[in-house]
Amino acid sequence: MKQHSVRTFKSADHLPRAGQLAWKIAEVAADPVAVESDVVEMLGNRIIDNAAVAAASVARRPVISARAQAEAHPFQPGATVFGLTRSQRISPEWAAWANGVAVRELDFHDTFLAADYSHPGDNIPPVLAVAQHCGLTGADLVRGLAAAYEIQVDLVKGICLHKHKIDHIAHLGPSAAAGIGALLDLPAETIYQAVQQALHVTTTTRQSRKGEISSWKAYAPAFAGKMAIESVDRVMRGEGAPSPAYEGEDGFIAWLLGGPGADYTVSLPEKGEPKRAILETYTKEHSAEYQSQALIDLARRLGPQIGDLSKIESIVIHTSHHTHYVIGTGANDPQKMDPKASRETLDHSIMYIFAVALEDGGWHHERSYAPERAGRETTAALWRKISTVEDPAWTRRYHSQDPKEKAFGGRVIVKLKGGSVISDEIALADAHPLGARPFRRPDYIRKFRNLAEGLIATTEQDRFIATVERLASLKAGELTDLTFTVDPEFLGATSTHGIFDWRDAAPVTVQRAAGNR
């Protein structure tokens, strides 16, 4: 890996293209290095993982809405959408939109945490949609996905967005654009412009994950993927982008990140170096914010040791800065302690998550978030006894570049009535590659089958898994088999309409105020 310094330059300095981060990203994406077998295997795992969580969310309202928007944009040859038949094709950017929301809705797929955080699997819907639409092969797809994962991980390692309250999709737009460029075997010049355009239009604030969190949390990554497709398409037609997007004196770093004096270091593969970053990422066994994964596993372990939970006086979770300030009491979000909070907010409350995991001995993607579950009196009482504190040692481990030291857990101290104390700690989730039970292909398949049960016919499950097993050898036209069909009765229905299906809606009487006629 080669380290690249990234900072602001004045326009008068005329930073050469070869010195710009977007160009360096484009060179990596355009490098035709072979994708190694263990990377291909993991890409297949993550395609299965995405399909698993999409199956579980297929009838949830945000997913229904996104799919309805996509269905209003039929296109041939087009791309497939989770739940619909393989013959029903949608314009690729809208297919990526619908599938991106389905994948992201339950916050249940892969993750990578470093200087910033991300869900690299969000790259799969846009890259796959373009691959399906363009009639490409499995070898093309793995080339594009390996590049997208590489750029995503490298940006997340080098540039912290959260510190400046910028949402993490600002790294996703460029990585998806780079992945699509690699997929299509585009020249570096084209990818360079597309990366900059994608960065420019996907930089948003972190309010989408703060306070009362709405369904936009699931839509935001889908928006980045959709914008990446549109950016590549526009640039392929000969159009340019704001440049230099990262280093310009009125650009990304100067005004949205550390300012004109900031200097970031981004490490990227050398020419000819394999793209292996996906192997540094990890998936979720539990449908909750990644920093809660290890703590859910610890709660399962602590529950039997504590016994009668009513005897708990207090629970303090000593953890990293990120966990404390994003999903802990350090966030100072009263919504994180509110039994009537949205699912998205409860997903970002380690106090709630730890309380439920202690009571139930585990976690479920639906039951653990049900309003009646959150409103249980014993849960609320336990919930209020839980707090977090930042521990510098856990913060250091969170940011460590050494995979053997890097950790996302914490130490839990439980004080019982009467004065006795029970404490334990965990560094990594059980499913982490270095955890107690690392996820392998059978675990991904089991997750898919568990979440698909009762929704996707067994024969359809088998067909999908068999297709993934042949990923790198899939021929042109076979990529449309990388989806699943659900009986329409399980897809849910919406009684609402929008602009795209206005003509299908019931007649609407528009009332105008007097004076505006």
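The values are calculated or read from the model by the stated rules, or taken from the named source; none is laboratory data. In this text the structure is predicted, and so the values were computed from the model without any measurement. Ideal geometry is used to build each Cβ from the backbone, glycine not excepted, and the neighbour counts take in all protein chains shown.
Annotation note: of Tyr398, Tyr352, the sole residue that is of a type in the set (Ser, Thr, Tyr) and within 28 Å of Ala59 (Cα to Cα) is Tyr352. Among the numbered conditions (1) in contact with a helix residue (DSSP H, G or I) (Cβ under 8 Å, 6 or more places away or on another chain); (2) of a type outside the set (Gly, Ala, Ser); (3) in contact (Cβ under 8 Å) with a residue 40 or more places away in the chain, the only one that Thr202 does not meet is (3). Contact map, region 16-39: residues that are within 13 Å of Pro187 (Cβ to Cβ) paired with residues that are of a type outside the set (A, V, I, L, M) and surrounded by fewer than 20 Cβ atoms within 10 Å (Cβ to Cβ), Cβ distance under 6 Å, separation 6+ or inter-chain. Pairs shown: Trp23/Arg17; Asp31/Lys271. Ile465 passes every criterion in (1) in contact with a Pro (Cβ under 7 Å, 6 or more places away or on another chain); (2) not in a loop (DSSP other than H, G, I, E, B) apart from (1).
No other residue among Glu405, Glu469 is under 27 Å from Ser320 (Cβ atoms) and not aliphatic (A, V, I, L, M) apart from Glu405.
Determine, yes or no, whether Thr329 is more than 17 Å from Arg384 (Cα to Cα) and β-branched (Val, Ile, Thr).
No.
Going through region 262-300 one residue at a time, which ones are farther than 25 Å from Leu161 by Cα and either assigned to a helix (DSSP H, G or I) or of a type in the set (Phe, Trp, Tyr) (or both)? The answer is Ile296, Asp297, Leu298, Ala299, Arg300. Only one of the numbered conditions (1) within 23 Å of Asp430 (Cβ to Cβ); (2) surrounded by fewer than 24 Cβ atoms within 10 Å (Cβ to Cβ) is violated by Ala299, and that is (2).
Checked against the criterion of being at pLDDT 95 or above, surrounded by fewer than 24 Cβ atoms within 10 Å (Cβ to Cβ) and in contact with a His (Cβ under 8 Å, 6 or more places away or on another chain), region 269-276 has no qualifying residue. A Cβ distance below 7 Å, combined with a sequence gap of six or more or placement on separate chains, defines the contacts here; from region 428-447, residues that are of a type in the set (Asp, Glu) reach residues that are surrounded by 21 or more Cβ atoms within 10 Å (Cβ to Cβ) and modelled with pLDDT of 95 or more in the pairs Asp430/Glu285; Asp430/Asp297.
Yes/no matrix, rows are residues, columns are (1) among the aromatic types (Phe, Trp, Tyr); (2) buried (at least 24 other Cβ atoms within 10 Å of the Cβ); (3) part of a strand (DSSP E or B); (4) modelled with pLDDT under 95:
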| site | (1), (2), (3), (4) |
| --- | --- |
| His4 | no, no, yes, no |
| Phe9 | yes, no, no, no |
| Ala12 | no, no, no, yes |
| Pro32 | no, no, no, no |
| Val35 | no, no, no, no |
| Ala54 | no, yes, no, no |
| Phe75 | yes, no, yes, no |
| Ser87 | no, no, no, no |
| Trp94 | yes, yes, no, no |
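For every residue, the table says whether it meets (1) at positive phi; (2) of a type in the set (Val, Ile, Thr).
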site: Gly78; (1), (2): yes, no
site: Val81; (1), (2): no, yes
site: Arg86; (1), (2): no, no
site: Arg89; (1), (2): no, no
site: Ala98; (1), (2): no, no
site: Ala114; (1), (2): no, no
site: Ala129; (1), (2): no, no
site: Asp140; (1), (2): no, no
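The rows are residues; the columns are (1) surrounded by 21 or more Cβ atoms within 10 Å (Cβ to Cβ); (2) more than 27 Å from Lys311 (Cβ to Cβ); (3) in the same structural domain as Ile327 (by TED's automatic domain parsing).
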residue: Ala374; (1), (2), (3): yes, no, yes
residue: Thr378; (1), (2), (3): no, no, yes
residue: Glu390; (1), (2), (3): no, yes, yes
residue: Ala407; (1), (2), (3): yes, yes, yes
